[in-house]
Every structure is written in C-alpha cells, then in structure tokens.
Amino acid sequence: MFPFGSKPATLRDISARELHEMLTGGTITLIDVREVGEYEQVRIEGALNMPLSSFDPTRLPAGAVVLHCGVGKRSAMAADKCAKAGREITGHLAGGLNGWLQAGLPVIAG
C-alpha cells in the first residue's frame, strides 16, 4: 500500500535489470531509503543510504536519481516527498531490494 492508497501517478517503476544497466553505465545515482541497519546488512553496490526516517529531498545529489527500499513502499513514500519538494527523480526500483535479489543480481552483504 502506497501513501494515500496508490503509487504516485508520476513515479516510474524501473526493473532490476534496467537499474543494473543504469548503474553499470554510470547514468544514475541510486539512493537506498532503508534504515541504516538494513543497509549495513545487505545493499546494492554503489547505493547511497538516505533513510526515509530522516529523508530530505533537498539533500539529494544533482542529476538522475533512482530510489529503492526493501519492497517499494518506502521508496514511493520518499518519491512523494520529492514531488512535494519539487525535486524530480528518475524513478524507483520495482519490487525494491527483494526484486533485485529475485533477479539474481549481486549485493554486498555485511
């Protein structure tokens, strides 16, 4: 369930494979909005941690940004905060880290 019962209309779902290509090509910055403990346990290489609990869209790096969390709910909430602040983002990882893992893509553990 997303804020207000549905995903923000302008939020683009990015598949795990598409995100992997974007990261490999260096065309985006990946922001992990999970909490610090979750990020430290397992993360996508190159992702920067900006937990939703203290998320501030004005602190996002310049350029193309993709958000992700565990399953997609918190990244949608962060995207909503970005929209309210007037900060455009490229999209969010469909299915979150779970979707990434299901696609068999690499992570950093521990």
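What follows is calculated from the coordinates using simple rules that are stated; it is not laboratory data. These numbers come from a predicted model, not from an experiment. Reconstructed Cβ throughout: ideal geometry from the backbone, glycine too, with neighbour counts over all protein chains shown.
What residues from the stretch 84-98 fall in the zone where the backbone N is under 18 Å from a label point 7 Å along the Cα-to-C-beta line of GLU45?
Residues 97 fall inside that zone.
Taking amide hydrogens as modeled 1.01 Å from N in the peptide plane, which residues meet the under 5 Å criterion relative to VAL42, leaving out close sequence neighbours?
Close amide H contacts, sequence-distant or interchain: GLY110.
Compute the acute angle (0 to 90°) between the alpha-carbon long axis of helix 16-25 and the principal axis of greatest extent of the alpha-carbon atoms of the chain; round to the nearest 10°.
80 degrees
Hey, for a label at GLU88 modelled as a point 7 Å past Cα toward Cβ, could you say which residues of the stretch 20-34 have their backbone N under 13 Å away?
Nothing falls inside the zone, counting backbone N under 13 Å.
Run the dipole for the stretch 12-109 about the Cα centre, Lys and Arg Cβ at +1, Asp and Glu Cβ at -1, nothing else charged, and hand back the magnitude in debye, nearest 20.
240 debye
Sequence gap at least 6, Cα distance under 8 Å: using those rules, report the relative contact order of the stretch 12-109 to the nearest whole percent.
It rounds to 36 percent for the stretch 12-109.
Kirkwood Rh over alpha-carbon pairs of the stretch 12-109, then Stokes-Einstein at 10 °C and 1.306 mPa s: what D in µm² s⁻¹, rounded to an integer?
Diffusion coefficient, whole number: 122 µm²/s.
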